[in-house]
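Each remark here refers to the structure printed beneath this line.
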Amino acid sequence: MKFTVAIVDDDPRYRSSLAHAVMSAPGMTLVGVADDLESGRALLDSMQPEILLVDLGLPSGSGMELIRHAAAKLPACDVMVITVFGDEQHVIASIEAGATGYLLKDASNGELADHIRALRAGGSPISPVIARQLLTRFAAPAPAVPAKDEIETDVSQALSPQEHKVLLMISKGNTHEEIAQVMGVSRQTVLTYVKRTYRKLQVHSKVEAIAKAQRAGLIAR
Amino acid sequence: MNPAASLHDARSRLKSILGIGDDAQIELLHVNFRSWRSSLAGAALANLMIAWVFNLFSPASSLWLWASMGWVIYAATAALFYLYETRATSRPIYMAWLIGTLGSSLVVGLLWASLAWWLPATPAIQLLAALASAMITMGSASASVSVGTLLAVCLPALFIVPAALLWHADLPLAAAVAFGLELLIWRHGLTLHANMLTRIHQRREVELLSQQLSLKQAQLQEAEHERGVLGERQRLLRDMHDGVGASLISALKMIELGQMSLDEAAQVLRECLDDLRLVIDSLEPIDHDLVTLLATLRYRLGDRLERAGIVIDWAMADIPPLPWLNAPQALEVLRIVQEALANVLKHSRATRVRVSLAHEEMPERDASLVLRIEDDGIGFDSAVAASGRGLRHMRHRATQIGGLLSIEAKPSHGTRVCLHLVRDAPAG
């Protein structure tokens with residue numbers, strides 16, 4: 001069973017090279033390409049792809065909006081951000097918006113296909129800096145005494161010991177294989193831990209945003 | 001002075017006498033308003049005590065009439081304040097307080113000053129009554145919220161008390177003494193009032209100054225930050241100019257002259273991209289963490305080394321954050337290690353490279369770290385290669401961050417690059 005891929009990028013040369021890479025990779029079908037926010041949204045709504053590859057700098061608006069759109073409307077869709085450097089600022093913001101992966105622009109065609117397949121299989125890529133940043137975010141002190149009905153959401157937001165260990169080892173420069181060996185799990189399992197922390201960061205930032213708005217009196221408690 | 005200006009002047013003087021001349025006076029009104037319950041209750045009790053005591057000496061129904069008049073006034077004032085407090089929230093509360101205090105002060109002043117007239121003309125009783133009036137005047141004067149209320153309380157006492165002593169009790173000397181006493185009380189009230197206002201003014205001034213001070217501090221910080229940003233921009237510009245910029249331009253020239261193959265051009269572009277990555281990684285938020293900084297290099301270059309058949313042995317000790325490790329220093333570290341790894345990749349023919357970070361005790365330094373990049377490759381004659389450009393650059397970069405670089409290599413015995421770094425001292 002092949003899974004479906006859509007590409008939204010405004011750089012025609014890179015877009016066609018990426019499209020070529022997806023089309024020639026076994027196991028995936030390209031269902032459409034778009035070059036700006038509007039047509040990207042239409043493409044998402046009509047084709048409902050399982051993987052969206054999106055560039056952040058689109059001419060008619062930030063790709064971030066497209067990520068939010070996909071996260072809200074297509075829960076089954078995995079979003080990968082296309083980035084030149086995979087720098088912390090862009091990647092973290094994309095994850096908060098709902099992305100679970102990113103593609104480095106200079107990856108070879110084979111690597112691209114591998115990354116897309118890995119994400120589809122439930123595993124996300126991560127760099128040491130992003131791992132470190134996630135650890136810092138989640139280390140933020142939890143509310144002192146959570147109300148009873150808040151305990152559950154609070155637990156789901158905290159990192160599990162395994163997730164914490166994976167992030168810590170990645171931030172120290174260990175490869176996925178080394179981590180898998182130390183923890184006695186498969187490489188793919190390590191990658192799924194990463195994806196789970198991404199989902200938690202998305203929830204975490206949403207909760208934080210709501211709390212911030214409540215504190216500012218924008219939303220009734 | 002023109003009439004309009006003098007009118008304005010007179011108005012502001014009147015306002016100041018009434019106690020609404022400036023914010024400090026209004027603040028004083030507000031402060032006093034908060035205690036209207038206790039002051040009125042206190043005055044009513046004083047009325048009761050005085051009437052009682054004088055009734056012991058010389059029972060007179062007129063005394064109770066006098067006391068009752070006081071209670072009626074206090075009750076009316078209390079009702080007025082209560083109404084203002086609960087209802088008139090839209091109107092400035094101090095106006096009600098001002099009118100109420102002025103009115104009741106005047107009536108109470110008249111009432112208390114006239115105490116002696118309600119009593120028999122016996123000298124002892126008259127002297128006691130004058131004393132009681134003086135004490136009450138003193139109390140009211142001490143608590144006055146404005147020159148206006150002070151006048152309302154003191155003026156009746158100043159004239160009515162001596163008048164009673166003079167004409168009602170026929171004690172001219174006592175009348176003169178009482179007049180002097182009331183004058184002193186009046187002066188005392190004025191001084192107290194002025195002191196209270198001065199204190200409020202001073203406090204406000206301190207607040208204003210501290211506000212200005214924190215504003216100044218914020219501006220200073222802003223300026224400092226801007227200077228930092230400017231310095232950082234200059235550093236990055238210089239870096240682009242000498243690094244990526246220079247490489248791109250020389251490659252472009254050679255391509256235009258037809259002296260560079262496609263492969264060579266691609267190689268230059270790859271190197272430029274690598275260098276840009278280093279610059280960007282050096283700017284990432286790593287919070288002075290050398291281990292994460294080095295990890296970014298493995299993340300970037302690990303695949304490349306493995307594809308070349310080189311196994312990486314990664315051994316990082318736990319080290320505390322390095323206070324000196326900011327973006328410029330991070331870039332130097334990254335460039336040194338990248339150069340070392342690139343040499344392994346290009347020249348060593350190694351199958352294994354060990355990158356290790358460890359604590360190291362050095363006798364002449366408090367605490368230091370050593371970063372080793374060791375391979376099992378063909379090595380080289382370090383006596384010959386030490387003069388090479390790449391190695392010289394690495395050494396120079398090491399000194400830039402207060403470190404020391406040493407290279408040990410022997411033909412066919414591998415190469416070891418050691419970067420010694422300080423832990424606490426800032427880079428020179």
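None of the figures in this text is laboratory data; all of them are computed from the coordinates on show. Every value quoted in this text rests on a predicted model; they were computed, and no experiment measured them. Note that each Cβ is placed from the backbone with ideal geometry, even for glycine, and that neighbours are counted across all protein chains shown.
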Q. Charges only on Cβ, +1 for Lys and Arg, -1 for Asp and Glu: so what's the dipole of the protein assembly as shown about the Cα centre, in debye to the nearest 20?
A. 1260
Q. Per residue of A:78-89, what is the mean number of Cβ atoms on other protein chains within 10 angstrom of that residue's Cβ?
A. 3
Q) If R0 is 45 Å, what FRET efficiency do you get for residue B:204 and residue A:2 from their C-beta distance, rounded to 0.05? A) 0.05
(Q) Please compute, for peptide B:295-302, the average count of beta-carbon atoms on other protein chains lying within 10 Å of each residue's beta-carbon. (A) 5
Q.
Give the separation of the Cα centroids, the stretch A:17-48 to the stretch B:221-240, in Å.
A. 41
Q) Pulled fully out, how much extra length does the chain show between residue B:381 and residue B:361, if you take 0.36 nm times their separation in residues and subtract their Cα-Cα distance? A) 4.3 nm
Q.
Considering the Cα positions of the stretch B:3-215, please state its Rg to one decimal place and its Dmax as a whole number of Å.
A. 19.5, 69
Q) Restricting attention to the stretch A:43-134, which GluC sites (Glu not before Pro) occupy a DSSP loop and are surrounded by at most 12 other Cβ atoms within 10 Å? A) none
Q) Counting other C-beta atoms within 10 Å, which of B:52, B:66 has the fewest, and how do the rest follow? A) B:52, B:66
Q. What residues of the stretch A:4-32 lie in the reach of a label at residue A:117, counting those whose backbone N is under 19 Å from a point 7 Å from the Cα along Cα→Cβ?
A. A:4-6, A:18-31
Q: Place a +1 charge on the Cβ of each Lys and Arg in the stretch B:245-285 and a -1 charge on the Cβ of each Asp and Glu, then give the dipole magnitude about the Cα centre in debye, rounded to the nearest 20.
A: 140
Q) Label points 7 Å out from Cα along the Cβ direction at residue A:216 and residue B:13: separation in nm? A) 5.4
Q: Mind giving me the nanometre distance, one decimal, between the label points for residue B:121 and residue B:184, set 7 Å out from Cα along Cα→Cβ?
A: 2.8
Q: With only Lys, Arg, Asp and Glu charged, each at its Cβ (+1 for the first two, -1 for the last two), find how big the charge dipole of the stretch B:3-215 is about the Cα centre; round to the nearest 20 debye.
A: 300
**Q.** Among B:166, B:291, B:125 the positive-end extreme of the charge dipole of chain B (Cβ point charges)
**A.** B:166
Q. Can you tell me the Rg and the Dmax, both Å, for the Cα atoms in the protein assembly as shown?
A. 42.6, 130
Q) With contacts defined as alpha carbon pairs under 8 Å and 6 or more residues apart, what's the relative contact order of chain A in percent? A) 16
(Q) Modelling each spin label as a point 7 Å along the Cα-to-Cβ direction, I'd like the residue B:82/residue B:259 distance in nm, to one decimal. (A) 10.3
Q: Quote the FRET efficiency, to the nearest 0.05, computed for residue B:352 versus residue B:280 with a Förster distance R0 of 41 Å and r equal to the Cβ-Cβ distance.
A: 0.90
(Q) Among A:24, A:8, A:44, which residue has its Cα furthest toward the positive end of the charge dipole of the stretch A:1-81, with +1 on Lys/Arg Cβ and -1 on Asp/Glu Cβ? (A) A:24
Q.
Which one, B:193, B:72, B:250, is farthest towards the positive end of the dipole of chain B when Lys and Arg carry +1 and Asp and Glu -1 on their Cβ?
A. B:72
